[in-house]
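Following: one structure in structure tokens, then a few remarks.
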Amino acid sequence: MVTPPHEKLVARLEQAGVLTRYWREAFTGIERHRFLPDRIITPDGEVVDRDTDPRRWLASAYDDLPIVTQVDEGNEDGSAPPISSASKPSVVADMLRRLDASPGMRVLEVGTGTGYNAALLSHRLGEEDVVTIEVDADLAERARERLLGVGLCTLVITGDGTQGWPARAPFDRVISTVAVRRVPYHWVAQTRPGGRILTPWGTALHNGVLADLHVGPHGTAHGRFTGDVAFMWVRDQRVTGRTLKAHVPPKVRESTLTRTRLHPHEPLGDFGASFAIGLHMPTVLKRIEFEQDRGRRFTVHLVDPGTGSWASWHVDHGSRRSGYQVRQHGPRSLFTELESAYAWWRREGRPEHTRFGLTVSAERQSVWLDHESRVIGSMP
Ligand SMILES: C[S@@+](CC[C@H](N)C(=O)[O-])C[C@H]1O[C@@H](n2cnc3c(N)ncnc32)[C@H](O)[C@@H]1O
């Protein structure tokens, strides 16, 4: 007998250790393909149409891969960045495991997308205890239909999830499936003391990790970073090609010119290092521009939109010995800041992201190393 792809995926998630016995029934009961549109995009950019290639479409639905379900057609630079997706099933299972939600708890999900995660939550906790919010009205409507299609009447709100949903607060758990650079304080205010908030989190230099926060009795949440996941940004925190283009100035502008032996791969290619550097310079955006020679020459642009400061770090493999050219402009010397943040991280013994944590109060969001008393900085 041939095992249906759905059952194969469930078995695979169990083998990978991300699907616990508590969530098994929900993953078995909810079929992922029922939440996907007829036209999907695989991670390698391939468009798969259910009408023309139903086998491939069904197989893709049960691959352990994220599936893009909506792209931003309106981007001026011609690119089409994804703005909605069905997350990778192993990431979905892993986040639900970490959320530690059980029947009797009330959960708010931010970023309904296809509705698949909301269906899993509703299957386990009961549809009356789940609220999910989606900013895009069409997606919200389709998710409602698909949830109803599997017999679930889960409340799908069309709106900005960063505001939470006070009408159903307090929640025991808030789970976001869209990344933030700043945890919306509404989520803390709408979570019961003792409750938890789990959200993809990152900086403009590093996307991302999960922030796993515990809500305390005095309107403050704190916890460590964990995981290794890159989610799409919450809509008003997106860094588009256009934002960066507007701030990366022509090379001729006034700037200081130096050389460095530091190759960008060292600080920015290392997960822990780039995470720690991002914490030190959270307003700074990064863009890498490749020249058409298979990556032998490229430029890393660092930009701080607030001050108009920028740095460009040009890598040419031919100039490895003499060093790479660095130009800096503006009140902040962004390359120098990056170098010293990297040196700090090495002096501290190259801490992994899991040694860092976040405290969110109504006034500020502080990141720390090992303990709340060792604050590294505040998030803007
Ligand atoms: C990775 S997808 C979510 C996947 C989803 N949980 C699923 O099971 O298919 C992220 C979603 O968050 C939505 N989103 C972005 N910003 C939002 C916001 N401010 N409020 C609510 N949803 C938002 C996007 O439109 C997108 O559909």
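The values are calculated or read from the model by the stated rules, or taken from the named source; none is laboratory data. What you see is a predicted model, and the numbers here were worked out from it, not measured in a lab. Cβ: placed from backbone, ideal geometry, glycine included. Neighbour counts: every protein chain shown.
Before moving on, here are some points about what is shown:
- Residues in the range 13-50 that are under 17 Å from residue 60 (Cα atoms) and in contact with an Asp or Glu (Cβ under 6 Å, 6 or more places away or on another chain) were compared, and the one that is surrounded by the fewest Cβ atoms within 10 Å (Cβ to Cβ) is 39.
Quick grid of which residues meet (1) more than 10 Å from the ligand (Cβ to nearest atom); (2) at pLDDT 95 or above; (3) β-branched (Val, Ile, Thr); (4) farther than 19 Å from residue 212 by Cα:
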position: 80; (1), (2), (3), (4): yes, no, no, yes
position: 84; (1), (2), (3), (4): no, no, no, yes
position: 95; (1), (2), (3), (4): no, yes, no, no
position: 100; (1), (2), (3), (4): yes, yes, no, no
position: 103; (1), (2), (3), (4): yes, yes, no, yes
position: 106; (1), (2), (3), (4): yes, yes, no, no
position: 113; (1), (2), (3), (4): no, yes, no, yes
position: 119; (1), (2), (3), (4): no, yes, no, yes
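- Cβ-Cβ contacts under 9 Å between residues 6 or more apart (or on different chains), taken from a first residue in the range 313-330 that is in a loop (DSSP other than H, G, I, E, B) to a second residue that is of a type in the set (A, V, I, L, M), are listed as 323/262; 330/311.
- Filter result for the condition that a residue is outside any loop (DSSP other than H, G, I, E, B), touching a strand residue (DSSP E or B) at 6+ places or on another chain (Cβ under 9 Å) and free of Cβ contacts under 8 Å to residues at least 40 places away in the same chain, over 48, 10: 48
- All of (1) more than 10 Å from the ligand (Cβ to nearest atom); (2) buried (at least 20 other Cβ atoms within 10 Å of the Cβ); (3) modelled with pLDDT under 95 hold for residue 221 with one exception: (3).
- Some residue of the range 237-255 being at pLDDT below 90, more than 30 Å from residue 350 (Cα to Cα), in contact with a His (Cβ under 9 Å, 6 or more places away or on another chain) and of a type in the set (Ser, Thr, Tyr): yes
- Scanning the range 267-280 for residues being under 19 Å from residue 308 (Cα atoms) and over 18 Å from the mean Cα position of the chain (by Cα) gives a total of 1.
- Tabulated pairs, the range 264-282, first outside any helix (DSSP H, G or I), second at pLDDT 95 or above, C-beta under 6 angstrom, 6+ apart or interchain: 281/337
- Out of 129, 136, sole residue that is away from the ligand (no atom under 13 Å from the Cβ) and surrounded by fewer than 24 Cβ atoms within 10 Å (Cβ to Cβ): 129
Matching residues to (1) surrounded by fewer than 20 Cβ atoms within 10 Å (Cβ to Cβ); (2) farther than 15 Å from residue 171 by Cβ; (3) in contact with a Ser or Thr (Cβ under 7 Å, 6 or more places away or on another chain):
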residue: 82; (1), (2), (3): yes, yes, no
residue: 93; (1), (2), (3): no, yes, no
residue: 97; (1), (2), (3): yes, yes, yes
residue: 103; (1), (2), (3): yes, no, no
residue: 108; (1), (2), (3): no, no, no
residue: 115; (1), (2), (3): no, yes, no
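- Within the range 139-162, tally of residues that are of a type outside the set (Ser, Thr, Tyr) and more than 9 Å from the ligand (Cβ to nearest atom): 14
- Selection count where residues are within 15 Å of the ligand (Cβ to nearest atom) and among the small types (Gly, Ala, Ser), scope the range 32-69: 2
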